[in-house]
C-alpha cells in the first residue's frame with residue numbers, strides 16, 4: 001500500500017465522514033505531519049494498539065565503498081524506527097504474507 005492507496009482507504013471508510021479525495025489527502029497529510037512533529041519534539045510517538053515510532057541511534061562503523069571496495073568510516077547517525085504493537089503483531093500473524 002502506498003500513500004495514494006491509503007488516501008483511497010480513508011475515503012472508502014464511510015465511518016470517517018470524509019467525502020472527497022482532497023479531504024482524505026488532507027487528513028492523511030495531517031497525521032503524517034503530526035507524527036513527524038511528535039518525533040522531533042519528544043523522540044517518539046506511541047499509538048496504542050498500533051505501534052511506536054521512535055528515534056534510533058546508529059553508532060559509527062566501518063563500511064566499504066561499493067564502487068571501489070575501499071574501506072571507509074561511516075559516521076554515527078540517527079534514524080526513525082517503528083516497533084509494532086501487540087494488536088498489529090497479532091494481525092500480521094494471521095496474514096499469510098508474513099512468515100511465522
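Quick note: the coordinates plus some simple rules give every number you see, no bench work behind them. The structure displayed is predicted, hence computed values, not measured ones. Every residue, glycine as well, gets a Cβ built from its backbone with ideal geometry; the counts of neighbours run over all protein chains shown.
Counting 0.36 nm for each residue step from residue 79 to residue 13 and taking away their Cα separation leaves a gain of 20.5 nm. By the beta-carbon count within 10 Å of each Cβ, the least crowded to most crowded order of 61, 26, fewest first, is 61, 26. Each of 57, 25 was scored by other Cβ atoms within 10 Å of its Cβ. Listed from fewest to most, they are 57, 25.
The fraction of all Cα pairs in the range 29-79 landing in successive 5 Å bins from 0 to the largest distance is 5, 17, 17, 16, 11, 9, 12, 10, 3, 0, given as whole percents.
Equivalent ellipsoid of the range 1-42: semi-axes from √(5λ) of the C-alpha gyration tensor, largest first, are 22, 11, 8 Å. As a calculated quantity, the FRET efficiency between residue 22 and residue 57 at R0 = 35 Å, using C-beta atoms, amounts to about 0.35.
Matching the structure-derived log10 I(q)/I(0) by the Debye sum over Cα atoms at q = 0.11, 0.12, 0.13, 0.19 Å⁻¹ against the labelled list (1) -0.52, -0.60, -0.68, -1.16; (2) -0.56, -0.65, -0.74, -1.07; (3) -0.62, -0.66, -0.69, -0.97 gives the label (2).
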